[in-house]
Structures are given as structure tokens and as C-alpha cells.
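One structure, as C-alpha cells, below. Some questions next.
Throughout, read-outs are computed from the coordinates displayed, never taken from laboratory work. Since this is a predicted model, take the numbers as computed values, not measurements. Here the Cβ is made from the backbone with ideal geometry for all residues, glycine too, and neighbour counts use every protein chain on show.
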Amino acid sequence: MLPLLTQAKQIEPHKALFWRTDFNRAIRKGPWKLILNLHQGDTLLYNLDQDKTERINRARQHPEMIRQLLRAYQEWEKGLEAPRWPRVMDFVIEIRDTLYRFAM
């Protein structure tokens with residue numbers, strides 16, 4: 001990543017960014033960001049070009065985009081081992097009468 005940041009080489013950046021923790025999964029590709037919370041069964045889809053603060057969940061309007069991003073995520077995850085570290089803690093945040101659970 002350093003050559004890309006320092007512009008030491010003219011290289012193409014990755015097409016997508018992937019992330020996972022115990023039961024949270026995410027992919028950012030183009031303007032789209034998909035977040036899956038496997039513990040609660042939440043599917044969140046944001047168009048960051050139109051919604052930088054991630055307030056409008058577009059999951060119902062764009063099921064095909066969810067399928068595309070999920071396929072890309074699953075393909076990436078095939079090459080990973082299961083995490084070898086224990087979960088440090090769980091925490092819950094309540095926003096507007098909705099509980100959000102996170103693991104670290």
C-alpha cells in the first residue's frame with residue numbers, strides 16, 4: 001500500500017476493501033458499502049457517493065447489488081483462515097430505540 005500512498009509507483013488500487021470480525025462482515029466496492037451482522041441478521045447497504053454519513057440503508061432498493069457484493073466477499077473469504085484470536089468484548093449501542101451489537 002505504501003507505493004500507492006507515496007505515488008512511488010503508478011499502480012491500480014484494489015477494486016474492493018474487505019473486512020470481518022466475529023460476526024460482522026463488510027465490503028466496500030466503488031460507491032457501495034455492504035455490512036452484514038450475522039448475529040442480528042442485519043443487512044446494510046449504503047451508497048457512499050450519495051450518503052457519506054451512512055444514514056440511508058439501500059438494501060431493499062438494490063437486492064442485486066447485495067448479491068454482487070456478497071459473492072465478491074465470499075470469494076475473498078475463501079482464502080482466509082478462521083480467526084485464531086478470541087473475541088475481546090461485546091458491546092451494545094442503542095440509537096433511536098434500536099440496539100446495535102458489536103464485537104471486538
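How far apart, in nm, are two points set 7 Å out from the Cα along the Cα-to-Cβ line at Glu81 and at Asp51?
Placing both labels 7 Å beyond Cα along the Cβ direction yields 3.8 nm.
Which length gain, in nm to one decimal place, applies between Asp97 and Lys15 when the Cα-Cα distance is subtracted from 0.36 nm times their residue separation?
Net length gain for the segment: 25.9 nm.
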